[in-house]
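See below for the structure under consideration.
The values are calculated or read from the model by the stated rules, or taken from the named source; none is laboratory data. Everything numeric in this text was worked out from a predicted model, so none of it was measured. Cβ: placed from backbone, ideal geometry, glycine included. Neighbour counts: every protein chain shown.
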Amino acid sequence: MLFIIFNMKLETFIDRIDSQDRLRNALSRENTQFIVIYGRRRIGKSTLIKETLSKQDIYFLSDQTNEANQRFLLSKTIALNIPYFDRVIYPDWETLFRELNAKLTKRLLICLDEFPYLVKSCPSIASVIQKLLNERTLKFDLIICGSSQQLMQGYILNRKEPLYGLADEIIKLDPIPVKYISKALHINSEESIEEYAVWGGIPRYWELRSDYPDRKTAIEKLILDTKGILAEEPLRLLRDDLRETVQTSTILSIIGNGANKLSEIAARAGKNATQITESLSKLRKLGYIRREIPFGENEKNSKKGIYKINDNLLSFYFRFISPYHSILELGRYDTVMKMIDAQFTQFVGQYWELLCRNFISGNVIDGVTYNLASSWWGKIFPNDCKEGKMIELDVVAESFDKKHILIGECKWTETENAERLIHDLSEKTKCLPFIKKEQKIHLVLFLKKRPLRQTGITYFLPEQIFENS
């Protein structure tokens, strides 16, 4: 997977190599290709395409003008490669594409970026492309690309849509893994986790962050400042994919401020649970929220599921920015920054837990291969306590052979008493309902700093997590 950061002193290739390989391999095939590339705003789709284009290829960024003007603009772009192509006014898209095909003397690549804008101005363009692809006479490769995940998925994955089943290659760009931010910003593993907790794996955010000397300044200038580039980013993301953003924004705000159960979210939104399930489903499909269930529960049947924001910047925004809009409008950034500072360790700790679970999942620890890791919460009954005690476990994973179970605790603090943590964890395991007989228990700590006393304790630090993330 390949990405280029331009604001650094040197251009650096970061990730995306596999996506670029897939794209180049497709374009090297004997027959012309129809390729679909999609992903959320600012994730690096256009950068990936531009890195692949040659001088003879044609890149067209669609806008929100009407159909006739879009054709005029595309013809002007094509004229840069094919002289006088814009001397004709093309009455429809089929005529334009057929004329382009007729004038080509060698194979080239056409990219229609922000394709949903073209469909909005002319819904029939998808049917036109379907017709041309089915004829199998095109002399050019065609890439369509777009930021609207819902629309792009609909064009290619919905059986009712004209382009369904026609793509030779479908490339969905996901956020870049955390380990690459250290290369992008030239920082250590601890700093990387704290930066990633804010900016996530979105390349453009990394570029913007790199313009500032430190994280706090970047947060103030980019997000807290009501005129900052990312001040309205969450709303832009939602508008890309959703017609109605009021309810989804409300749900994200509620989840971001600590209400995670379906009943709690519905109550705060002033709705019945059934009235928000569709919005929750859409947000999950877009990758903006996730549903977590306790270890050992069935995803379909569990009634203990909780919702969390799955996008780092959205999580940061709805926790620290959205509740204080009125204060920020008065320019009192320092006031909000103090609140961020006071809660930042806890905020990063939530991401640290997720990162540690991902590290364990499918990994080999001390010769044991573990299945998917999750958290667990529930009631235990120590010392015959009839009322029971609610506890949470940060990391729980069972080995594939079910002979081993790993239980871990995550701490994102400067100093920790590792021996005390392991002792407390050991006491909890004596009452856990899901541990099987003769199953070997492995206790593990995930710490920000190396503990002072560590005899016989298994622990992992940020740099170790990075190596396998």
What about residue 286, is it over 22 Å from residue 174 (Cβ atoms) and touching a residue at least 24 places away in the same chain (Cβ under 8 Å)?
-> no
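Suppose we keep only residues that are assigned to a helix (DSSP H, G or I) and hydroxyl-bearing (Ser, Thr, Tyr) within segment 17-68. Which one would you say is surrounded by the fewest Cβ atoms within 10 Å (Cβ to Cβ)?
Among those residues, the one meeting the criterion is 46.
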Determine, yes or no, whether residue 109 is assigned to a helix (DSSP H, G or I) and either of a type in the set (Lys, Arg) or surrounded by 14 or more Cβ atoms within 10 Å (Cβ to Cβ) (or both).
-> no
Considering 240, 225, which residue is touching a Ser or Thr at 6+ places or on another chain (Cβ under 9 Å), surrounded by fewer than 22 Cβ atoms within 10 Å (Cβ to Cβ) and either assigned by TED's automatic domain parsing to the domain that holds residue 45 or over 22 Å from residue 178 (Cβ atoms) (or both)?
-> 240
Within segment 86-94, can one find any residue that is under 22 Å from residue 137 (Cα atoms), among the hydroxyl-bearing types (Ser, Thr, Tyr) and either surrounded by fewer than 18 Cβ atoms within 10 Å (Cβ to Cβ) or out of contact with any His (no Cβ under 9 Å at 6 or more places or on another chain) (or both)?
-> yes
Scope segment 450-460; condition part of a loop (DSSP other than H, G, I, E, B) and either in contact (Cβ under 8 Å) with a residue 60 or more places away in the chain or more than 14 Å from residue 409 (Cα to Cα) (or both); matching residues | 450, 452, 453, 454, 455, 456
Filtering segment 433-453 down to residues that are surrounded by 16 or more Cβ atoms within 10 Å (Cβ to Cβ) and over 14 Å from residue 398 (Cα atoms), which residue is modelled with the lowest pLDDT?
-> 451
Consider residue 373 carefully, then state whether it is closer than 30 Å to residue 438 by Cβ, of a type in the set (Gly, Ala, Ser) and within 26 Å of the chain's Cα centre (by Cα).
-> yes
Within the bounds of segment 376-386, is there any residue that is in contact with a strand residue (DSSP E or B) (Cβ under 8 Å, 6 or more places away or on another chain), among the β-branched types (Val, Ile, Thr) and crowded, with 19+ Cβ neighbours inside 10 Å?
-> no
